[in-house]
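Colleague: Provided herewith is a single structure, encoded as C-alpha coordinates, for subsequent inquiry.
The values are calculated or read from the model by the stated rules, or taken from the named source; none is laboratory data. Model, not experiment: these values are computed from the prediction. Every residue, glycine among them, receives a Cβ derived from its backbone with ideal geometry; neighbour counts consider all protein chains shown. Side chains are part of the model used for accessible areas, which takes the heavy atoms of the whole protein and leaves out ligands, DNA and RNA. Shrake-Rupley method; radii C 1.70, N 1.55, O 1.52, S 1.80 Å.
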Amino acid sequence: MSVRVEPVEDGGNPQQAAAIQRLAEGHYRVFPYSEDGDGNYKFALCVRLVNDSDRPRALALEVDWADPEYMDARRFLYLGSGDDWQFVPATVSGTVATVTHPVPPGISYAGLSPAYSLGDYLAFAERLPKLGYRCRVAGSSNEGRDIHAYELGEGDRPILVTARYHPYETSSSYCVEGMMAWLAQPREVQQKLLARHTFTFVPMPNPDGVYRGLCKRTGIGGVDLSHEGAYGGDVTTRTLLGVIDSTRPQGFLDIHGWMYMEEDGLHYLDEGLGERFAARLDGHPLFIGNKWKASLSDDRAPGSIRARAHREYGSRPLAVSYRWPGRTVPQMRDMGGPTLEAFCAALDQGVDGV
(Lines give C-alpha, C1' and ligand atoms only; values in the text may rest on other atoms or scores of the structure.)
Protein backbone atom coordinates (compact mmCIF):
# COMPACT_ATOMS: atom_id res chain seq x y z
CA MET A 1 0.00 0.00 0.00
CA SER A 2 1.46 3.37 -1.05
CA VAL A 3 0.51 7.03 -1.08
CA ARG A 4 -1.88 8.26 -3.78
CA VAL A 5 -1.77 11.76 -5.27
CA GLU A 6 -5.13 13.13 -6.37
CA PRO A 7 -6.56 16.38 -7.76
CA VAL A 8 -8.49 18.74 -5.48
CA GLU A 9 -11.78 20.29 -6.65
CA ASP A 10 -11.75 23.44 -4.49
CA GLY A 11 -8.47 25.33 -4.85
CA GLY A 12 -6.57 22.50 -6.50
CA ASN A 13 -3.92 22.97 -9.16
CA PRO A 14 -3.76 20.96 -11.35
CA GLN A 15 -7.42 19.97 -11.22
CA GLN A 16 -7.30 17.54 -14.14
CA ALA A 17 -6.47 13.92 -13.28
CA ALA A 18 -4.43 13.64 -16.51
CA ALA A 19 -1.98 16.23 -15.11
CA ILE A 20 -1.05 13.86 -12.27
CA GLN A 21 1.02 10.92 -13.47
CA ARG A 22 1.84 7.80 -11.45
CA LEU A 23 5.40 6.83 -12.42
CA ALA A 24 5.80 3.95 -9.94
CA GLU A 25 4.58 2.92 -6.51
CA GLY A 26 4.83 5.99 -4.29
CA HIS A 27 6.28 8.06 -7.15
CA TYR A 28 4.26 10.75 -8.95
CA ARG A 29 4.79 13.66 -11.29
CA VAL A 30 2.37 16.62 -11.44
CA PHE A 31 2.08 19.43 -13.97
CA PRO A 32 0.73 22.71 -12.53
CA TYR A 33 -0.95 25.10 -14.94
CA SER A 34 -1.21 28.85 -15.38
CA GLU A 35 -4.42 30.28 -16.80
CA ASP A 36 -2.57 32.81 -18.96
CA GLY A 37 0.93 31.32 -19.28
CA ASP A 38 2.62 34.03 -17.19
CA GLY A 39 5.49 32.33 -15.37
CA ASN A 40 5.84 35.30 -13.00
CA TYR A 41 2.59 34.26 -11.29
CA LYS A 42 2.80 30.51 -11.90
CA PHE A 43 3.02 29.50 -8.25
CA ALA A 44 -0.33 27.75 -7.70
CA LEU A 45 -0.08 24.12 -6.63
CA CYS A 46 -2.34 22.01 -4.44
CA VAL A 47 -2.79 18.24 -4.64
CA ARG A 48 -4.24 15.75 -2.17
CA LEU A 49 -2.05 13.03 -0.61
CA VAL A 50 -3.90 9.92 0.54
CA ASN A 51 -2.21 7.38 2.80
CA ASP A 52 -4.65 4.57 3.67
CA SER A 53 -2.16 2.69 5.85
CA ASP A 54 -1.68 3.06 9.59
CA ARG A 55 1.90 4.34 9.37
CA PRO A 56 3.85 6.94 7.36
CA ARG A 57 4.67 6.03 3.78
CA ALA A 58 7.38 7.48 1.55
CA LEU A 59 6.38 9.66 -1.39
CA ALA A 60 8.55 10.90 -4.23
CA LEU A 61 6.72 13.86 -5.76
CA GLU A 62 8.03 15.55 -8.90
CA VAL A 63 6.56 18.91 -9.87
CA ASP A 64 7.23 19.92 -13.47
CA TRP A 65 6.66 23.66 -13.68
CA ALA A 66 7.58 23.80 -17.40
CA ASP A 67 9.09 27.23 -16.77
CA PRO A 68 12.83 27.71 -16.11
CA GLU A 69 12.81 31.44 -15.32
CA TYR A 70 11.31 31.35 -11.83
CA MET A 71 12.62 28.04 -10.51
CA ASP A 72 14.53 29.80 -7.71
CA ALA A 73 11.12 30.50 -6.16
CA ARG A 74 10.02 26.85 -6.49
CA ARG A 75 12.80 25.05 -4.61
CA PHE A 76 10.53 23.68 -1.88
CA LEU A 77 7.07 22.36 -1.11
CA TYR A 78 4.75 22.61 1.86
CA LEU A 79 3.23 19.33 3.08
CA GLY A 80 0.42 19.19 5.63
CA SER A 81 -3.15 20.22 6.34
CA GLY A 82 -5.10 22.64 8.51
CA ASP A 83 -2.69 24.69 10.63
CA ASP A 84 0.11 22.11 10.46
CA TRP A 85 2.43 22.46 7.46
CA GLN A 86 6.04 21.48 6.98
CA PHE A 87 8.50 23.31 4.72
CA VAL A 88 10.37 20.67 2.70
CA PRO A 89 13.32 21.66 0.45
CA ALA A 90 13.24 20.22 -3.07
CA THR A 91 15.91 19.00 -5.44
CA VAL A 92 15.72 20.97 -8.69
CA SER A 93 16.71 19.72 -12.12
CA GLY A 94 15.72 21.97 -14.99
CA THR A 95 12.04 22.77 -14.54
CA VAL A 96 11.34 19.86 -12.18
CA ALA A 97 11.39 20.20 -8.38
CA THR A 98 11.39 16.86 -6.52
CA VAL A 99 10.57 16.18 -2.88
CA THR A 100 10.97 12.78 -1.23
CA HIS A 101 9.29 12.73 2.14
CA PRO A 102 7.17 10.48 4.40
CA VAL A 103 3.43 11.13 4.33
CA PRO A 104 1.43 10.48 7.53
CA PRO A 105 -1.68 8.26 7.59
CA GLY A 106 -4.86 9.87 6.36
CA ILE A 107 -5.34 12.85 4.04
CA SER A 108 -2.86 15.68 3.67
CA TYR A 109 -1.85 18.08 0.92
CA ALA A 110 1.16 19.31 -0.99
CA GLY A 111 1.57 22.82 -2.34
CA LEU A 112 3.97 25.66 -2.91
CA SER A 113 2.13 27.36 -0.03
CA PRO A 114 -0.16 26.13 2.75
CA ALA A 115 -3.60 25.71 1.23
CA TYR A 116 -6.57 28.03 1.83
CA SER A 117 -9.62 27.15 -0.23
CA LEU A 118 -12.91 28.90 -0.88
CA GLY A 119 -14.47 26.44 1.55
CA ASP A 120 -12.00 27.55 4.24
CA TYR A 121 -13.09 31.15 3.72
CA LEU A 122 -16.79 30.27 3.87
CA ALA A 123 -16.25 28.42 7.15
CA PHE A 124 -14.52 31.52 8.58
CA ALA A 125 -17.23 33.82 7.21
CA GLU A 126 -19.88 31.96 9.21
CA ARG A 127 -18.19 33.19 12.40
CA LEU A 128 -18.08 36.86 11.50
CA PRO A 129 -21.65 37.92 12.42
CA LYS A 130 -21.06 36.45 15.88
CA LEU A 131 -17.97 38.67 16.16
CA GLY A 132 -20.10 41.73 15.50
CA TYR A 133 -19.42 42.27 11.81
CA ARG A 134 -22.18 43.70 9.66
CA CYS A 135 -22.30 41.62 6.48
CA ARG A 136 -23.69 42.50 3.07
CA VAL A 137 -23.52 40.93 -0.35
CA ALA A 138 -21.57 43.47 -2.37
CA GLY A 139 -22.22 41.71 -5.66
CA SER A 140 -21.31 38.56 -7.49
CA SER A 141 -18.41 36.98 -9.31
CA ASN A 142 -18.32 36.00 -12.97
CA GLU A 143 -19.60 32.53 -12.05
CA GLY A 144 -22.33 33.83 -9.76
CA ARG A 145 -20.67 33.41 -6.37
CA ASP A 146 -21.47 36.02 -3.73
CA ILE A 147 -18.75 38.53 -2.86
CA HIS A 148 -19.21 39.81 0.69
CA ALA A 149 -18.24 43.02 2.43
CA TYR A 150 -17.95 43.08 6.24
CA GLU A 151 -18.11 46.27 8.29
CA LEU A 152 -17.05 47.02 11.85
CA GLY A 153 -16.62 50.31 13.69
CA GLU A 154 -18.43 53.62 14.03
CA GLY A 155 -15.70 56.16 13.30
CA ASP A 156 -15.68 58.90 10.68
CA ARG A 157 -12.48 57.70 8.98
CA PRO A 158 -13.32 54.90 6.47
CA ILE A 159 -10.73 52.16 5.99
CA LEU A 160 -10.98 49.51 3.25
CA VAL A 161 -9.09 46.24 3.60
CA THR A 162 -8.88 43.73 0.74
CA ALA A 163 -6.98 40.48 0.31
CA ARG A 164 -6.39 37.59 -2.07
CA TYR A 165 -6.71 39.35 -5.44
CA HIS A 166 -4.31 36.71 -6.79
CA PRO A 167 -5.55 33.18 -6.00
CA TYR A 168 -2.14 31.62 -5.26
CA GLU A 169 -1.40 34.15 -2.48
CA THR A 170 -2.80 32.15 0.45
CA SER A 171 -0.78 34.08 3.04
CA SER A 172 -3.11 37.04 2.46
CA SER A 173 -6.17 34.99 3.45
CA TYR A 174 -4.61 33.74 6.67
CA CYS A 175 -3.39 37.25 7.50
CA VAL A 176 -6.75 38.97 6.94
CA GLU A 177 -8.53 36.16 8.82
CA GLY A 178 -6.34 36.85 11.85
CA MET A 179 -6.76 40.60 11.36
CA MET A 180 -10.55 40.46 11.43
CA ALA A 181 -10.61 38.18 14.48
CA TRP A 182 -8.16 40.49 16.27
CA LEU A 183 -10.14 43.66 15.52
CA ALA A 184 -13.30 42.14 17.03
CA GLN A 185 -11.66 41.47 20.40
CA PRO A 186 -13.01 43.69 23.22
CA ARG A 187 -9.70 45.31 24.17
CA GLU A 188 -8.66 48.93 24.60
CA VAL A 189 -6.54 49.15 21.44
CA GLN A 190 -9.28 47.73 19.27
CA GLN A 191 -11.99 49.88 20.86
CA LYS A 192 -10.00 53.03 20.11
CA LEU A 193 -9.55 51.98 16.49
CA LEU A 194 -13.27 51.21 16.12
CA ALA A 195 -14.26 54.54 17.62
CA ARG A 196 -12.03 56.43 15.19
CA HIS A 197 -12.49 54.34 12.03
CA THR A 198 -15.12 52.38 10.17
CA PHE A 199 -13.54 49.29 8.63
CA THR A 200 -14.82 47.55 5.52
CA PHE A 201 -13.25 44.19 4.68
CA VAL A 202 -13.49 42.28 1.42
CA PRO A 203 -11.56 39.13 2.36
CA MET A 204 -12.43 37.11 -0.76
CA PRO A 205 -12.84 39.39 -3.80
CA ASN A 206 -11.88 36.64 -6.27
CA PRO A 207 -13.84 33.52 -5.27
CA ASP A 208 -13.85 32.00 -8.77
CA GLY A 209 -10.08 32.23 -9.13
CA VAL A 210 -9.54 30.69 -5.70
CA TYR A 211 -11.99 27.84 -6.33
CA ARG A 212 -10.48 27.10 -9.75
CA GLY A 213 -6.93 27.06 -8.37
CA LEU A 214 -5.79 29.83 -10.69
CA CYS A 215 -2.63 31.87 -10.37
CA LYS A 216 -3.62 35.52 -10.76
CA ARG A 217 -6.85 36.11 -12.70
CA THR A 218 -10.58 36.06 -12.02
CA GLY A 219 -11.04 33.26 -14.54
CA ILE A 220 -9.76 31.92 -17.84
CA GLY A 221 -9.51 35.09 -19.89
CA GLY A 222 -10.42 37.08 -16.79
CA VAL A 223 -8.91 40.10 -15.08
CA ASP A 224 -5.87 40.62 -12.88
CA LEU A 225 -7.65 42.58 -10.13
CA SER A 226 -4.50 44.28 -8.90
CA HIS A 227 -3.22 45.60 -12.21
CA GLU A 228 -6.30 45.67 -14.47
CA GLY A 229 -9.15 46.01 -11.99
CA ALA A 230 -9.68 49.74 -12.54
CA TYR A 231 -10.91 49.01 -16.06
CA GLY A 232 -13.94 47.11 -14.71
CA GLY A 233 -13.47 44.38 -17.29
CA ASP A 234 -15.75 41.72 -15.79
CA VAL A 235 -18.48 41.17 -13.21
CA THR A 236 -16.04 40.32 -10.39
CA THR A 237 -14.09 43.50 -10.97
CA ARG A 238 -17.16 45.70 -11.10
CA THR A 239 -18.28 44.31 -7.76
CA LEU A 240 -14.99 45.33 -6.15
CA LEU A 241 -15.12 48.75 -7.75
CA GLY A 242 -18.62 49.16 -6.35
CA VAL A 243 -17.30 48.55 -2.83
CA ILE A 244 -14.60 51.18 -3.34
CA ASP A 245 -17.14 53.69 -4.69
CA SER A 246 -19.55 53.14 -1.80
CA THR A 247 -16.81 53.19 0.84
CA ARG A 248 -14.73 56.11 -0.48
CA PRO A 249 -11.89 54.96 1.77
CA GLN A 250 -9.46 57.36 3.35
CA GLY A 251 -7.11 54.43 3.93
CA PHE A 252 -6.83 51.40 1.64
CA LEU A 253 -4.89 48.37 2.92
CA ASP A 254 -4.41 45.61 0.35
CA ILE A 255 -2.90 42.31 1.58
CA HIS A 256 -0.95 40.08 -0.81
CA GLY A 257 1.51 37.21 -0.75
CA TRP A 258 4.58 36.63 -2.87
CA MET A 259 7.43 34.20 -3.49
CA TYR A 260 10.48 35.95 -2.09
CA MET A 261 12.31 33.79 0.44
CA GLU A 262 13.48 36.42 2.93
CA GLU A 263 11.73 39.71 2.14
CA ASP A 264 8.22 41.09 2.54
CA GLY A 265 6.88 43.74 0.20
CA LEU A 266 5.57 47.28 0.58
CA HIS A 267 3.97 49.09 -2.34
CA TYR A 268 2.76 52.64 -1.79
CA LEU A 269 1.93 55.93 -3.43
CA ASP A 270 3.00 57.88 -0.34
CA GLU A 271 6.55 56.98 0.67
CA GLY A 272 6.01 58.44 4.13
CA LEU A 273 3.08 56.09 4.74
CA GLY A 274 5.23 53.07 3.91
CA GLU A 275 8.11 54.27 6.10
CA ARG A 276 5.83 54.95 9.06
CA PHE A 277 4.18 51.55 8.65
CA ALA A 278 7.50 49.68 8.63
CA ALA A 279 8.81 51.71 11.57
CA ARG A 280 5.69 50.90 13.57
CA LEU A 281 6.32 47.16 13.15
CA ASP A 282 10.05 47.41 13.87
CA GLY A 283 10.76 45.51 17.07
CA HIS A 284 7.47 43.62 17.15
CA PRO A 285 8.22 39.95 18.01
CA LEU A 286 6.69 38.70 14.75
CA PHE A 287 8.72 41.18 12.66
CA ILE A 288 12.14 41.20 14.37
CA GLY A 289 14.84 41.28 11.70
CA ASN A 290 12.23 41.62 8.96
CA LYS A 291 13.44 42.81 5.57
CA TRP A 292 11.17 45.00 3.46
CA LYS A 293 11.37 45.29 -0.31
CA ALA A 294 9.70 48.63 -0.91
CA SER A 295 8.50 50.20 -4.14
CA LEU A 296 6.82 53.48 -5.04
CA SER A 297 3.77 52.87 -7.21
CA ASP A 298 2.53 55.09 -10.03
CA ASP A 299 -0.71 56.89 -9.22
CA ARG A 300 -1.28 57.34 -12.95
CA ALA A 301 -1.26 53.60 -13.67
CA PRO A 302 -4.62 53.31 -15.45
CA GLY A 303 -5.34 49.70 -14.50
CA SER A 304 -4.34 49.87 -10.83
CA ILE A 305 -7.32 49.57 -8.54
CA ARG A 306 -5.43 51.29 -5.71
CA ALA A 307 -4.34 54.18 -7.94
CA ARG A 308 -7.95 54.62 -9.04
CA ALA A 309 -9.07 54.91 -5.41
CA HIS A 310 -6.35 57.51 -4.88
CA ARG A 311 -7.36 59.52 -7.94
CA GLU A 312 -11.11 59.34 -7.33
CA TYR A 313 -11.31 59.69 -3.55
CA GLY A 314 -7.88 60.73 -2.29
CA SER A 315 -7.36 57.31 -0.71
CA ARG A 316 -3.99 56.56 0.81
CA PRO A 317 -3.26 52.99 -0.32
CA LEU A 318 -0.68 50.55 0.98
CA ALA A 319 -0.16 47.05 -0.41
CA VAL A 320 1.66 44.58 1.82
CA SER A 321 3.01 41.28 0.47
CA TYR A 322 3.91 38.55 2.99
CA ARG A 323 6.13 35.57 2.21
CA TRP A 324 5.61 32.06 3.61
CA PRO A 325 9.14 30.70 4.19
CA GLY A 326 10.09 30.94 7.86
CA ARG A 327 6.48 31.28 9.03
CA THR A 328 3.69 29.01 10.21
CA VAL A 329 -0.04 29.33 9.60
CA PRO A 330 -0.71 30.51 13.21
CA GLN A 331 2.05 33.12 12.87
CA MET A 332 0.55 34.40 9.61
CA ARG A 333 -2.79 34.85 11.34
CA ASP A 334 -1.12 36.56 14.29
CA MET A 335 0.51 39.07 11.93
CA GLY A 336 -2.91 40.41 10.97
CA GLY A 337 -3.52 42.48 14.10
CA PRO A 338 -0.13 44.25 14.15
CA THR A 339 -0.45 44.89 10.41
CA LEU A 340 -3.79 46.65 10.79
CA GLU A 341 -2.72 48.59 13.89
CA ALA A 342 0.49 49.77 12.17
CA PHE A 343 -1.41 50.83 9.05
CA CYS A 344 -3.95 52.87 11.02
CA ALA A 345 -1.22 54.53 13.08
CA ALA A 346 0.78 55.39 9.96
CA LEU A 347 -2.32 56.72 8.20
CA ASP A 348 -3.51 58.79 11.14
CA GLN A 349 -0.05 60.27 11.67
CA GLY A 350 0.06 61.36 8.04
CA VAL A 351 -3.45 62.84 8.13
CA ASP A 352 -3.29 64.48 11.56
CA GLY A 353 0.42 65.23 11.61
CA VAL A 354 0.86 63.81 15.13
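Colleague: Mind grabbing the accessible area of I220 for me, 1.4 Å probe, Å², rounded to tens?
Modeller: About 130 Å², rounded to the nearest 10.
Colleague: So, one more: Tell me the angle of helix 235-247 to the major Cα principal axis of the chain, expressed in degrees between 0 and 90 and rounded to the nearest ten.
Modeller: The angle comes out near 30 degrees.
Colleague: A further question on this structure: Efficiency by 1/(1 + (r/R0)^6): what FRET value for A345 and A66, r their Cβ-Cβ distance, R0 = 45 Å, to the nearest 0.05? Kindly include the intermediate steps, with their values, before the conclusion.
Modeller: Details: r = 45 Å, r/R0 = 0.99.
Efficiency for this residue pair is about 0.50.
Colleague: Pairs to check: K130/K291; K130/K192; K42/K192. Give those whose C-alpha atoms are more than 31 Å from each other in this structure.
Modeller: Numbers: K130/K291 37 Å; K130/K192 20 Å; K42/K192 41 Å.
Table pairs above 31 Å Cα-Cα are K130/K291; K42/K192.
Colleague: Now, a different point. At 1.4 Å probe size, put T237, T100 in order of accessible surface, largest to smallest. List each step's numbers first, then the result.
Modeller: On the way: T237 0, T100 100 Å².
Listed by decreasing accessible area, they come as T100, T237.
Colleague: With a point put 7 Å past each Cα toward its Cβ, work out how far E262 is from R238 in nm, to one decimal.
Modeller: For E262 paired with R238, the spin-label model returns 4.8 nm.
Colleague: In angstroms, what radius of gyration and Dmax does the chain have, counting Cα atoms only?
Modeller: For the chain, the Cα radius of gyration and maximum Cα-Cα distance read 20.2, 66 Å.
Colleague: Can you list residues whose amide H is under 5 Å from L59's amide H, if they're 5+ apart or on another chain and H is modeled 1.01 Å from N?
Modeller: Distant-sequence amide H within range of L59: H101, V103.
Colleague: For the stretch 277-345, what does the equivalent ellipsoid look like in terms of its semi-axes, each the square root of 5 times an eigenvalue of the Cα gyration tensor, given largest first in whole Å?
Modeller: Numbers: eigenvalues 140, 34, 26 Å².
In descending order, the three semi-axes are 26, 13, 11 Å.
Colleague: Between 0 and 90 degrees, rounded to the nearest ten: what's the tilt of helix 336-352 against the longest Cα principal axis of the chain?
Modeller: With both axes taken from Cα atoms, the answer is about 30 degrees.
Colleague: Computed over the Cα atoms of the stretch 49-130, what is the convex hull's projected area averaged over all directions, in nm²?
Modeller: 6.9 nm²
Colleague: Based on the Kirkwood radius over alpha-carbon pairs, what is the Stokes-Einstein translational diffusion coefficient of the stretch 154-235 at 4 °C with 1.567 mPa s viscosity, in µm²/s? Write out the running numbers ahead of the final one.
Modeller: Values: Rh = 14.1 Å.
Value of D from the Cα-based Kirkwood radius: 92 µm²/s.
Colleague: Could you state how much accessible area S2 has, in square angstrom rounded to the nearest 10, with a 1.4 Å probe and all protein chains kept in place?
Modeller: 30 Å²
Colleague: Using a Förster radius of 45 Å, what is the FRET efficiency between E126 and E275 based on their Cβ-Cβ separation? Nearest 0.05, please.
Modeller: Numbers: r = 39 Å, r/R0 = 0.86.
Efficiency at R0 = 45 Å is approximately 0.70.
Colleague: Still on this structure: Using 1/(1 + (r/R0)^6) with R0 = 22 angstrom and r between the beta carbons of R22 and E143, what's the FRET efficiency to the nearest 0.05? Working shown, then result.
Modeller: Working: r = 31 Å, r/R0 = 1.43.
In this case the efficiency is close to 0.10.
Colleague: Which shape class applies to the stretch 199-352: rounded if a/c is under 1.5, otherwise prolate when a/b exceeds b/c and oblate if not, where a ≥ b ≥ c are the square roots of the Cα gyration tensor eigenvalues? Provide the component values of the computation, followed by the final result.
Modeller: Details: a/c = 1.86, a/b = 1.24, b/c = 1.50.
It comes out oblate by the Cα gyration axes.
Colleague: Tell me whether the stretch 217-279 comes out rounded, prolate or oblate; compute the Cα gyration tensor, take square roots of the eigenvalues as a ≥ b ≥ c, and use a/c under 1.5 as the rounded threshold. Kindly include the intermediate steps, with their values, before the conclusion.
Modeller: Working: a/c = 3.16, a/b = 1.40, b/c = 2.26.
Because a/c hits 1.5 or more and a/b fails to exceed b/c, the stretch 217-279 counts as oblate.
Colleague: While we're on this one: Given H placed 1.01 Å from N in the peptide plane, which residues other than close sequence neighbours of H148 have an amide H under 5 Å from its amide H?
Modeller: Distant-sequence amide H within range of H148: A138, M204.
Colleague: Could you pull out the trypsin sites (Lys or Arg not before Pro) across the stretch 1-100 that fall in loop regions by DSSP (anything but H, G, I, E, B) with no more than 16 other Cβ atoms inside 10 Å? Write down the numbers at each step before the final one.
Modeller: On the way: sites: R4, R22, R29, K42, R48, R57, R74, R75; in loops: K42, R75.
Within the stretch 1-100, the qualifying trypsin sites (Lys or Arg not before Pro) (loop, at most 16 other Cβ atoms within 10 Å) are R75.
Colleague: Grab the Cα-Cα distance for D298 and R311, subtract it from 0.36 nm times how many residues apart they are, and report the gain in nm with one decimal.
Modeller: Numbers: separation 13, 0.36 × 13 = 4.68 nm, distance 1.10 nm.
3.6 nm is the gain from fully extending D298 to R311.
Colleague: Here is a follow-up. Go ahead and estimate [θ] at 222 nm for the chain from helices alone: -39,500 (n - 2.57) per DSSP H run with n ≥ 4, summed, over the residue count, rounded to 500. Show your work: numbers first, answer last.
Modeller: Working: 10 runs with 96 residues, N = 354.
Taking each H run of at least 4 residues, the total per residue is -8000 deg cm²/dmol.
Colleague: How big is the stretch 1-159 along each principal axis, measuring the range of its Cα positions in Å and listing the largest first?
Modeller: Taking the Cα atoms of the stretch 1-159, the three principal extents are 59, 40, 27 Å.
Colleague: Let me ask something additional. Within the stretch 184-208, find all residues whose amide N lies under 19 Å from a label point positioned 7 Å from the Cα of C135 along Cα-to-beta-carbon.
Modeller: Answer for the stretch 184-208: 184-185, 199-208.
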